[in-house]
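Enquirer: My questions will all concern the structure given below.
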Amino acid sequence: MLVSDILKSKGSAVVTAPPSMPVADAARLLAEKRIGSILILERNKVAGILSERDIVRALANEGAGCLDGPVSRLMTAKVVTCTPAQTIADVMQMMTTGRFRHVPVVDNGKVAGMISIGDVVKWRLEEAQEEVRQMAAYVAGT
Ligand code: AMP
């Protein structure tokens, strides 16, 4: 299965914010949208990614004062991305190696979607169920 197949069913909407957005606003956005990360864009280009984990870590290290600063202070600037033509297995490998749960999809320089670990788990579950179905059919000789 390809990244583009997942985007066909989940769509290409990505929650984004500028680097100057205050961390408190970004936290509210994460809560409102019920998501775990926000893609940070500057002039339509990926400038970073801010995860709920970045906020929790800063709260633990610095206290609530970190909420007043811009997201650019807490975001990860070196973002690992994928293309629509890559496989979900590739994305799963990226997440495992990089220890993160979100991979933005970029197509010819344009943001085309976001794959989360939830999407990957759903795909893997469906694949495993299909394998079980095929094995059962094989054993039954049908
Ligand atoms: P996550 O598990 O996705 O909530 O993120 C864990 C950490 O990895 C946070 O510090 C994020 O800023 C960072 N991160 C999340 N996604 C990516 C990505 N695609 N590329 C690089 N860093 C990321």
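The values are calculated or read from the model by the stated rules, or taken from the named source; none is laboratory data. Since the model is a prediction, treat every value here as computed from it, not as a measurement. We place every Cβ from the backbone using ideal geometry, glycine too, and count neighbours over all the protein chains shown. Side chains included, ligands, DNA and RNA excluded: accessible areas come from the protein's heavy atoms. Shrake-Rupley method; radii C 1.70, N 1.55, O 1.52, S 1.80 Å.
Enquirer: Answer yes or no: is there a residue in the stretch 26-46 that is aliphatic (A, V, I, L, M), closer than 30 Å to MET1 by Cα, outside any strand (DSSP E or B) and touching a Lys or Arg at 6+ places or on another chain (Cβ under 8 Å).
Expert: Initial filter on the stretch 26-46 (aliphatic (A, V, I, L, M)): 26-27, 29-31, 35, 38-41, 46.
Filter once more, keeping what is closer than 30 Å to MET1 by Cα: 30, 35, 38-41, 46.
Filter once more, so that each one left must be outside any strand (DSSP E or B): 30, 35.
Narrowing the set further to residues that are touching a Lys or Arg at 6+ places or on another chain (Cβ under 8 Å) leaves none.
Scanning the stretch 26-46 turns up no residue that is aliphatic (A, V, I, L, M), closer than 30 Å to MET1 by Cα, outside any strand (DSSP E or B) and touching a Lys or Arg at 6+ places or on another chain (Cβ under 8 Å).
Enquirer: Being of a type in the set (A, V, I, L, M), touching a strand residue (DSSP E or B) at 6+ places or on another chain (Cβ under 8 Å), within 14 Å of the ligand (Cβ to nearest atom) and without any contact (Cβ under 8 Å) to a residue 40 or more places away in the chain is the requirement here; does LEU30 meet it? Talk me through it step by step, then tell me what you get.
Expert: Working: of a type in the set (A, V, I, L, M): yes; touching a strand residue (DSSP E or B) at 6+ places or on another chain (Cβ under 8 Å): yes; within 14 Å of the ligand (Cβ to nearest atom): yes; without any contact (Cβ under 8 Å) to a residue 40 or more places away in the chain: yes.
For LEU30, the condition - of a type in the set (A, V, I, L, M), touching a strand residue (DSSP E or B) at 6+ places or on another chain (Cβ under 8 Å), within 14 Å of the ligand (Cβ to nearest atom) and without any contact (Cβ under 8 Å) to a residue 40 or more places away in the chain - is met.
Enquirer: Is it the case that some residue within the stretch 47-67 is touching a helix residue (DSSP H, G or I) at 6+ places or on another chain (Cβ under 8 Å) and at pLDDT below 95? Quick ask: steps written out before the conclusion?
Expert: Of the residues in the stretch 47-67, the ones touching a helix residue (DSSP H, G or I) at 6+ places or on another chain (Cβ under 8 Å) are 47-48, 50, 52, 55, 58-59, 66-67.
Pick out the ones that are also at pLDDT below 95 and you get none.
Looking for residues that are touching a helix residue (DSSP H, G or I) at 6+ places or on another chain (Cβ under 8 Å) and at pLDDT below 95, one finds none in the stretch 47-67, hence no.
Enquirer: Please go through the stretch 16-40 and give me each residue that is buried (at least 17 other Cβ atoms within 10 Å of the Cβ) and within 12 Å of SER72 (Cα to Cα), ordered by number.
Expert: ALA17, MET21, VAL23, ALA26, ILE38, LEU39, ILE40
Enquirer: Could you list, in sequence order, all residues of the stretch 34-49 that are among the aliphatic types (A, V, I, L, M) and more than 6 Å from the ligand (Cβ to nearest atom)?
Expert: Residues of the stretch 34-49 among the aliphatic types (A, V, I, L, M): 35, 38-41, 46-47, 49.
Answer for the stretch 34-49, where residues must be among the aliphatic types (A, V, I, L, M) and more than 6 Å from the ligand (Cβ to nearest atom): ILE35, ILE38, LEU39, ILE40, LEU41, VAL46, ALA47.
Enquirer: Out of all the residues in the stretch 67-118, which are open to solvent by 70 Å² or more (accessible area, probe 1.4 Å), part of a helix (DSSP H, G or I) and near the ligand (Cβ under 8 Å from one of its atoms)?
Expert: The answer is ILE117, and nothing else.
Enquirer: Right, another one. Among the listed residues GLU131, GLU126, identify the single one that is over 12 Å from the mean Cα position of the chain (by Cα), among the acidic types (Asp, Glu) and within 27 Å of GLY11 (Cβ to Cβ).
Expert: After applying the criteria, what remains is GLU126.
Enquirer: For residues that are without any contact (Cβ under 8 Å) to a residue 60 or more places away in the chain, among the hydrophobic types (A, V, I, L, M, F, W, C) and either open to solvent by 50 Å² or more (accessible area, probe 1.4 Å) or farther than 28 Å from VAL105 by Cα (or both), tally how many sit in the stretch 41-66. Write out each step before concluding.
Expert: Taking the stretch 41-66 as the starting set, the residues that turn out to be without any contact (Cβ under 8 Å) to a residue 60 or more places away in the chain are 42-43, 47-66.
From what's left, among the hydrophobic types (A, V, I, L, M, F, W, C): 47, 49-50, 55-56, 58-60, 64, 66.
Going one step further and asking which of them are either open to solvent by 50 Å² or more (accessible area, probe 1.4 Å) or farther than 28 Å from VAL105 by Cα (or both), we end up with 56, 59-60, 64, 66.
Residues flagged as without any contact (Cβ under 8 Å) to a residue 60 or more places away in the chain, among the hydrophobic types (A, V, I, L, M, F, W, C) and either open to solvent by 50 Å² or more (accessible area, probe 1.4 Å) or farther than 28 Å from VAL105 by Cα (or both) within the stretch 41-66 amount to 5.
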